[in-house]
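Peer 1: Below are the structure tokens for one structure; questions will follow.
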Amino acid sequence: MIEMILCTKKKFFKAIIALLVCIAVIYAEPAGAVVIEPDPDLHSVMGDLHALAVAMRLYHDSTRRTQPPGLEELARYLRRPLPDGWPADYRTATVRGGWWVGRRVPDFSTARRFLRNNALSLGLYEQEGQSAWLGGAFVWMNAVPFNANAFLIRVAQGEGDDRHYLFFNLPDTEYYWRSGLTYTAEARAEALRRFGSNATGPFVIPAAPPSAQITVRASPVELPPDFTVSADEEEIDMRLGGILVNPIRRSNDRDRDR
């Protein structure tokens, strides 16, 4: 009887351990869930939004201020030179208690369709978070949602040609974005230490796939079977289906005497 009880207890504990392992696997960050789009325009917009969001969080945790930082304060976390569009292409705001960042989307950017189609899943909004982004001049995201229990954005070190950059990910999405904004050495180390991702790369923007080539073949040009051209000194006759056409008027004797 005692042996049966011990055997039952062992099976019970094994089942508990197996259940805990399953739970850990389910809630662990997926190591291979990395998708990096090849479009530089997308990274320019999405990467900048996430880079500024992380800088906002670093600013909040170091100052404990309740008002969001201005762009001049966020610039302290960034390496020089700043991009040509700074600061006109960037904005900060407070919306319903959260700190938001905005990034201009150029009118003819190739990123527009992707941003519009994925606005809801990527948390992209029109001005002041009124609705999902539909194509406004600026796209906005909630950078520091104070009603959340934890800061969600994860950070990964770039590799290869992108080794000088960081890649950013919003959990529950598979995308990683590279920003052209680079941190100071101190801010970079702090971001990786506090928000580092355990996903595996490679973290590098892939080359864009070659566009499909369209071959255009011209159809041969042939005259109709009844089309003939004849010429003499004074006229060109084009006969089409038995009809005589004289495009050049024959001058008569009176015209020649003038």
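Peer 1: What's the extension gain from residue 200 to residue 35 if we count 0.36 nm per residue and subtract their Cα-Cα distance?
Peer 2: 58.3 nm
Peer 1: On a full-extension model of 0.36 nm per residue, what is the gain between residue 73 and residue 116, subtracting their alpha-carbon distance, rounded to one decimal in nm? It would help to have the intermediate numbers written out before the result.
Peer 2: Working: separation 43, 0.36 × 43 = 15.48 nm, distance 3.00 nm.
Length difference between fully extended and current span is 12.5 nm.
Peer 1: Take residue 186 and residue 109, extend 7 Å from each Cα along the Cα→Cβ direction, and tell me the distance between the two endpoints in nm.
Peer 2: Simple spin-label model gives 3.1 nm for this pair.
Peer 1: Something else about it: If I stretch the segment between residue 159 and residue 84 completely, what's the gain in nm (0.36 nm per residue apart, minus their alpha carbon distance), one decimal? Could the numbers behind the result be given before it?
Peer 2: Numbers: separation 75, 0.36 × 75 = 27.00 nm, distance 2.51 nm.
Gain in length upon complete extension: 24.5 nm.
Peer 1: Which semi-axis lengths, in whole Å and largest first, follow from the square roots of five times the eigenvalues of the Cα gyration tensor of the range 101-165? Can you show the working numbers first?
Peer 2: Numbers: eigenvalues 101, 77, 19 Å².
With the √(5λ) rule applied to the range 101-165, the semi-axes are 22, 20, 10 Å.
Peer 1: Sort the range 30-195 into rounded, prolate or oblate with this rule: let a ≥ b ≥ c be the square roots of the eigenvalues of the Cα gyration tensor; rounded if a/c is under 1.5, and if a/c is not under 1.5, prolate when a/b is larger than b/c, oblate otherwise. Numbers along the way, then the final one.
Peer 2: Numbers: a/c = 1.23, a/b = 1.04, b/c = 1.18.
Because its axes are fairly even, with a/c under 1.5, the range 30-195 counts as rounded.
Peer 1: Using +1 at the C-beta of Lys and Arg and -1 at the C-beta of Asp and Glu, which of 56, 87, 183 has the Cα lying farthest in the positive direction of the dipole of the range 30-195?
Peer 2: Result: 56, furthest along the dipole toward the positive end.
Since every read-out is calculated from the coordinates, none of them should be taken as a lab result. Because the structure is predicted, anything quoted here is derived from the model rather than measured. For neighbour counting, all protein chains shown are included, and Cβ atoms are generated from backbone atoms with ideal geometry for every residue, glycine included.
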